[in-house]
Amino acid sequence: MIGGLGAQELLLIFLAVLILFGAKRIPEIAQGLGKGIREFKGAIKETQREIKETTDEITRDPDNAEKK
């Protein structure tokens, strides 16, 4: 059971996707989805890095950070 979905529900969803998009389009869709997830994770890491740099800067010199 994945996220409250049983085997029958997953099979039904897979068949619906197969019928709607066809067997040739599914790999393209999966590739695009994977690329989007990688870009999203990269953006999250970049944001976390910027936040960490800012907090480190404030921690090192709080008076100087307030003047910016």
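A few notes on this one:
- Subtracting the Cα-Cα distance of L20 and D61 from their residue separation scaled by 0.36 nm leaves 9.0 nm.
- With Cα atoms, 0 to 90° folded angle of helix 25-60 axis to the chain main axis: 20
- By the count of other C-beta atoms within 10 Å, a proxy for reagent exposure, K41, K24 are ordered fewest to most as K24, K41.
- Of (1) 3, 13, 15, 16, 14, 14, 13, 8, 3, 0; (2) 3, 14, 11, 11, 13, 10, 8, 6, 6, 6, 6, 5, 1; (3) 3, 15, 17, 16, 17, 12, 9, 7, 4, 0, the label for P(r) over Cα pairs in 5 Å bins from 0, in percent derived from the coordinates: (2)
- Spin-label pair A7-I44: with each label point 7 Å from Cα along the Cα-Cβ axis, the two points sit 3.1 nm from one another.
- Between 0 and 90°, nearest 10: helix 7-21 axis offset from the chain longest Cα axis: 90
- Check: region 23-67 dipole with +1 on Lys, Arg Cβ and -1 on Asp, Glu Cβ, in debye: 640
- Exposure proxy ranking for R25, R60, based on other Cβ atoms within 10 angstrom of each Cβ and starting from the fewest, stands as R60, R25.
Values quoted throughout were computed directly from the atomic coordinates according to the rules given, and no laboratory measurement underlies them. As the structure is a prediction and not an experimental result, all values here were calculated from the model. When we count neighbours, we look across all protein chains shown, and the Cβ atoms used for this are built from the backbone with ideal geometry, even at glycine.
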